[in-house]
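Following: one structure in structure tokens, then a few remarks.
Throughout, read-outs are computed from the coordinates displayed, never taken from laboratory work. Not measured: the values here are computed from a predicted model. Here Cβ is always computed from backbone atoms with ideal geometry, including for glycine, and neighbour counts include all displayed protein chains.
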Amino acid sequence: KDEKYQTLTLPAGSKPGTIDVCTATKIINGQYSAPFNEKMSFEHTLTKITFYAQRHETMVGSRNVSNIKITIPSTYMPTQWDWKTNKYEVNQTKSATNALIFEHPNLIFETNTDKIGVSYLMLPTGNAGVLENINIQADVTPISSTTVETHIDTTLPIVQLYDIDGQTEVTHAEPGEAYEIIVSFQQNSFTLIARQQDDWEKGGLIYVPVKP
């Protein structure tokens, strides 16, 4: 394999943690006189985490929630992939310099669940199916007032991920798996729902026209 392609990095100006990086595990060779006719299959190299915010039914007619902010530490955002034997692997020593921040300034109406952001994260080798040090902020305001009653600013040491059933703890989260984390605001506090999703395609085929 050409040595110059053995390291992949994110394009300049891109935002680490928001890009679904897929790579091929099989080398396919071809040239003008003998073009390749095989299909190249790509696989996800990161774990997809989608964050949602929910206004619980106990808040209806009582309090609003707004200015939601979720911060993910920079250590979860890789910037480099290295060729290892027969596939590209995330270089866990190369991560972004800045945290990934999702912001949702608007009110959440009724008992709606709003999407806050979609991230693609590098979970460390040997992870126990958890995310660490996720910061959640929000303003809670009485319905009849514009004055913030409570400013939530909490850093969660551990967010445990669960299987699709929402009951079984995940002991090891893998690249190519997808999870949703729902922050459910209830009065002046919140609870979390963190469970696996089963509707994310496991990589797939990407067709790119090749012109000689």
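About the Cα centre, and with charges only on the beta carbon of Lys, Arg (+1) and Asp, Glu (-1), how big is the dipole of the stretch 76-176? Nearest 20 debye, please. Before the final figure, lay out each step's value.
Details: 4 positive and 13 negative charges, 100 e Å.
The dipole magnitude comes to about 480 debye.
Just to be sure I understand: of the beta bridges DSSP finds with both ends in the stretch 69-212, what percent are antiparallel, rounded to 5? Write out the running numbers ahead of the final one.
Working: 32 of 33 bridges.
DSSP beta bridges in the stretch 69-212 are roughly 95 percent antiparallel.
Note on the chain: Rg/Rh from Cα positions, Kirkwood definition for Rh, rounded to two decimals, is 1.07.
Counting Lys and Arg as +1 and Asp and Glu as -1, what is the net charge of the other residues whose Cβ lies under 14 Å from the Cβ of A194? Spell out each step's value before the answer.
On the way: positive: K48, R195; negative: E132, D163, D165, E169, E177, E180.
Combined, the nearby Lys, Arg, Asp and Glu give -4.
The order of the peptides 86-93, 118-125 by mean Cβ neighbours within 10 Å, most packed first, is 118-125, 86-93. Checking the cross-link pairs K48/K94; K87/K115; K39/K115 against a 30 Å limit on the alpha carbon distance flags K87/K115; K39/K115 as lying beyond it. Multiplying the residue separation of T23 and V148 by 0.36 nm and removing their Cα-Cα distance gives an extension gain of 40.4 nm.
Which GluC sites (Glu not before Pro) does the stretch 96-195 hold that lie in a coil by DSSP with at most 15 other beta carbons within 10 Å?
Here the sparse-neighbourhood loop sites are E110, E149.
In square nanometres and to one decimal, what's the mean projected area of the convex hull around the Cα atoms of the stretch 103-167?
Values: hull surface 25.5 nm².
Projected area, direction-averaged: 6.4 nm².
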